[in-house]
């Protein structure tokens with residue numbers, strides 16, 4: 001006969017624990033089957049009662065064990081929580097089914113499996129591409145130069161143009177080579193480059209003066225070349241006074257204190273725009289002249305009384321031909337000298 005067996009089960013159920021105990025006792029009983037014939041009926045009954053008492057004693061000991069009781073309470077809570085978790089939460093943590101087969105194959109801690117949510121992939125940053133300037137011609141009139149990136153949609157071009165004139169988008173219809181410009185298209189898809197012309201059919205009757213941008217068109221002329229058109233914010237006063245041209249403002253302020261909240265752009269903004277467009281490394285090399293008078297960068301536009309289409313002369317010191325290439329000479333003493341050379345196209349070879 002086997003001796004008394006104590007089984008401390010962590011994470012198991014009462015049914016499983018008792019089953020194991022009974023199996024152990026049954027194994028002892030099987031081993032002594034041959035000896036049953038040696039006992040009388042009263043002795044066999046006494047042995048049966050002894051086994052029942054042992055089983056009851058084991059149940060009592062298990063019930064009094066605090067650690068096991070706490071473990072059972074935890075496992076019961078986990079099991080109840082598992083049944084209440086909706087399918088929507090399974091991507092965070094999932095406890096598998098309660099089937100006996102899966103419990104027997106589970107880990108010792110009673111958790112059959114944990115699925116952790118996969119990290120969300122970060123959206124890659126989309127490059128806007130090269131910045132170009134498109135020429136938009138409203139109703140066949142004066143061309144407006146509007147910057148746009150190659151990967152921006154033409155909806156951006158519409159927005160910039162409409163903000164410029166204080167127009168709703170419904171009042172503008174743009175076309176490229178006679179075909180309507182798709183809002184979802186891009187300059188890259190249409191193989192556009194700086195200077196390309198976009199025609200715009202505009203209903204100016206829908207224009208809102210309150211939303212219209214105010215600016216001056218100034219023409220900058222350098223080296224006697226063709227003038228370049230630049231736009232800069234013009235004189236703005238408080239809403240009570242509205243918008244006043246610069247010469248009129250100068251006349252008024254020379255006789256009385258300034259009226260309203262005057263906010264105009266400085267010459268420095270125009271100067272910086274020119275340097276940026278022509279990739280001039282040293283802005284100090286660029287001078288701007290109006291009737292041979294140098295414009296001070298710190299002054300505001302209204303100070304000089306500039307009007308639409310006024311021409312400003314530009315002088316660039318140490319000007320470098322954009323076609324020039326740099327060549328460095330290194331001398332034996334280690335010093336360097338940089339020279340710029342303009343490549344010259346060789347004449348074509350005479351035909352044989």
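The values are calculated or read from the model by the stated rules, or taken from the named source; none is laboratory data. Source: prediction; values computed, not measured. No Cβ is skipped: glycine too gets one built from the backbone with ideal geometry, and neighbour counts run over all protein chains shown.
For the stretch 178-272, which strands (runs of 3 or more DSSP E) that fit wholly inside it have 2 or more residues that are at pLDDT 90 or above?
197-202
Please enumerate the residues belonging to the stretch 131-166 that are assigned to a loop (DSSP other than H, G, I, E, B) and in contact with a strand residue (DSSP E or B) (Cβ under 7 Å, 6 or more places away or on another chain).
Hits for the stretch 131-166 are 139, 143, 150.
Give the residue, chosen from 56, 70, 51, that is in contact with a helix residue (DSSP H, G or I) (Cβ under 9 Å, 6 or more places away or on another chain), modelled with pLDDT of 50 or more and assigned to a helix (DSSP H, G or I).
Testing whether each residue is in contact with a helix residue (DSSP H, G or I) (Cβ under 9 Å, 6 or more places away or on another chain), modelled with pLDDT of 50 or more and assigned to a helix (DSSP H, G or I) leaves just 51.
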